[in-house]
Amino acid sequence: MLSPQSLNMNQSPLSRPASIDRILVVDDLPDNCFLIQTLLQQEGYHIDIAYSGSEALSYIEATPPALLLLDVMMPGMDGYEVTRRIRQNTELPFLPILLITAHDQPSVVRGLDIGADEFIRKPVEFDELVARVRSLLRLKHSVDERDLIARQREDFVSRLTHDLRTPLVAADRMLTLFQEGALGEPPPAMGEAIDTMIRSNQNLLTMVNMLLEVYRYEAGRKTLNFTPVNLSELVETVIAELSPLAIERKLTLTLDQSALQQDQASDTVIGDRIELRRVITNLLGNALKFTDTGFVTVRLSADSNSLKQIAVVLEIEDTGSGIAIADQPKLFESFITGSHRRSGSGLGLHLSRQIVEAHQGQIYVKSDLGKGSLFTVRLPIQARGAVTC
């Protein structure tokens with residue numbers, strides 16, 4: 001398996017890794033396993049052996065190694081099948097896979113397509129083997145470090161948002177008691193100050209709650225409960241709630257369902273009602289917020305793509321200030337606030353995109369600066385169950 005001229009057993013200690021990485025070698029031939037084990041142990045690695053694909057999978061599920069050296073041709077379960085099963089197991093941490101093959105290019109392509117990270121041909125040159133092992137272990141360490149930083153960030157955000165919510169909720173309740181005169185009727189000047197404090201506190205609480213929701217989506221800890229949702233009824237409910245804001249700003253707010261009615265298409269999708277309501281409220285609220293004169297129109301229609309997948313299309317059009325072309329590519333990213341003087345935290349559109357994509361939908365915008373914007377949400381009509389994103 002290893003060429004004789006490459007068996008240099010006197011590697012410099014300076015080339016050896018500082019920490020011991022566990023490597024699993026899988027081959028049905030004991031001599032091959034022993035030779036690789038002996039050589040890589042000289043490099044300072046801890047080597048474990050498995051003689052079959054099923055034995056390797058059991059080992060990996062119990063104690064995932066840092067790297068897998070996997071022979072392609074084995075009786076029973078070959079290296080391709082082992083690779084496929086490992087990549088299908090989403091519970092496993094990232095595991096680099098180095099395939100060892102004596103076959104031609106098509107077999108290499110097949111292995112990489114299934115999910116292997118590298119390959120090496122027989123007879124194996126020792127220097128090449130060690131170089132590829134080091135390269136894949138660097139990749140493993142880099143991914144592990146990235147994941148650790150991500151988990152630390154997610155934990156920090158979770159703790160921060162929960163810790164912030166507690167005093168904000170307490171302050172909101174206390175200020176409400178002041179406003180209602182539970183502790184004595186406040187003077188007019190103090191009443192105005194209390195109103196301002198309540199609004200500011202509620203805005204901050206809304207932002208903290210939104211940040212927590214964004215964290216849940218990004219951390220994969222958001223559970224969605226999919227049920228039939230009538231979008232027409234949901235949109236009508238949100239419009240009724242936001243109509244006072246439209247009246248206050250002297251804007252025309254209308255709902256157009258004529259295209260949907262003409263097509264006699266269903267306006268019911270399978271989704272999470274609370275999350276879809278959040279999207280509609282955010283988009284419609286933004287349209288009213290950034291429109292000083294004119295109208296805001298909500299339209300519902302049906303559409304089908306090239307695969308004949310029927311979807312309900314929600315459009316929210318306004319005659320507001322519009323969005324600069326330079327701001328549009330990053331509009332749905334987190335904490336991108338845009339250049340408008342009334343821009344908020346930059347979380348609302350990012351969260352809306354997270355929700356829409358969790359429903360396998362799309363959200364996009366067309367806008368001309370000074371002329372208005374058109375936000376479009378396309379939600380496929382399909383059966384889904386409760387999922388965690």
*Scan segment 258-306 for residues that are modelled with pLDDT of 90 or more and among the acidic types (D, E) and jot them down.*
D272, E275, D292
*Just give me the residues in segment 72-86 being over 12 Å from I97 (Cβ atoms) and either touching a residue at least 60 places away in the same chain (Cβ under 8 Å) or assigned to a loop (DSSP other than H, G, I, E, B) (or both), in sequence order.*
M73, M74, P75, G76, M77, D78
*Could you tell me whether any residue of segment 228-237 is among the β-branched types (V, I, T), closer than 28 Å to D292 by Cβ and touching a strand residue (DSSP E or B) at 6+ places or on another chain (Cβ under 7 Å)?*
yes
*under 19 Å from the mean Cα position of the chain (by Cα) and part of a loop (DSSP other than H, G, I, E, B): does that describe G184?*
no
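Of everything in segment 102-131, what is in a helix (DSSP H, G or I) and within 16 Å of Q42 (Cβ to Cβ)? Give them in sequence order.
Listed by number, the residues that qualify are F126, D127, E128, L129, V130, A131.
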*How many of the residues in segment 191-212 are closer than 30 Å to E154 by Cα and hydroxyl-bearing (S, T, Y)?*
2
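Do we have N209 as at pLDDT below 95, part of a helix (DSSP H, G or I) and under 30 Å from L148 (Cα atoms) here?
yes
For T254, are the conditions met, namely being in contact with a Phe, Trp or Tyr (Cβ under 9 Å, 6 or more places away or on another chain), hydroxyl-bearing (S, T, Y) and assigned by TED's automatic domain parsing to the domain that holds Q354?
Details: in contact with a Phe, Trp or Tyr (Cβ under 9 Å, 6 or more places away or on another chain): yes; hydroxyl-bearing (S, T, Y): yes; assigned by TED's automatic domain parsing to the domain that holds Q354: yes.
Yes, satisfied.
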*Take L160 and decide whether it is at pLDDT 80 or above, closer than 27 Å to G220 by Cα, touching a helix residue (DSSP H, G or I) at 6+ places or on another chain (Cβ under 9 Å) and assigned by TED's automatic domain parsing to the domain that holds E213.*
no
_Close pairs from segment 270-285: first part of a helix (DSSP H, G or I), partner of a type in the set (F, W, Y) and surrounded by 21 or more Cβ atoms within 10 Å (Cβ to Cβ), Cβ under 7 Å, at least 6 apart_ = L283/F375
*Residues in segment 255-267 that are farther than 17 Å from T281 by Cβ and either hydrophobic (A, V, I, L, M, F, W, C) or assigned to a strand (DSSP E or B) (or both): how many?*
4
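Within segment 151-172, is even one residue more than 26 Å from M210 (Cβ to Cβ), surrounded by 13 or more Cβ atoms within 10 Å (Cβ to Cβ) and within 23 Å of the chain's Cα centre (by Cα)? Before the answer, list the steps.
Applying the first criterion (more than 26 Å from M210 (Cβ to Cβ)) to segment 151-172 yields none.
Checked against the condition, which is being more than 26 Å from M210 (Cβ to Cβ), surrounded by 13 or more Cβ atoms within 10 Å (Cβ to Cβ) and within 23 Å of the chain's Cα centre (by Cα), segment 151-172 yields no hits at all.
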_Can you find, within segment 135-156, the residue that is farthest from L67 (Cα to Cα) among those that are of a type in the set (D, E, K, R) and in contact (Cβ under 8 Å) with a residue 24 or more places away in the chain?_
E154
*Answer yes or no: is there a residue in segment 50-60 that is assigned by TED's automatic domain parsing to the domain that holds I100, out of contact with any strand residue (DSSP E or B) (no Cβ under 8 Å at 6 or more places or on another chain) and closer than 16 Å to K122 by Cβ.*
no
_Positions within segment 250-293 being out of contact with any strand residue (DSSP E or B) (no Cβ under 7 Å at 6 or more places or on another chain) and farther than 23 Å from M207 by Cα, in sequence order_ = K250, S258, Q261, Q262, Q264, S266, D292, T293
*Within segment 109-116, is even one residue of a type in the set (A, V, I, L, M), assigned by TED's automatic domain parsing to the domain that holds A62 and crowded, with 20+ Cβ neighbours inside 10 Å?*
yes
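Sort through L69, L39, L99, L57 and tell me the only one that's in a helix (DSSP H, G or I) and under 19 Å from S135 (Cβ atoms). Reasoning before the result, please.
Details: L69 fails: in a helix (DSSP H, G or I); L99 fails: in a helix (DSSP H, G or I); L57 fails: under 19 Å from S135 (Cβ atoms).
Answer to the selection: L39.
The values are calculated or read from the model by the stated rules, or taken from the named source; none is laboratory data. As the structure is a prediction and not an experimental result, all values here were calculated from the model. All Cβ positions, even for glycine, are placed from backbone atoms using ideal geometry, and neighbour counts span all protein chains on display.
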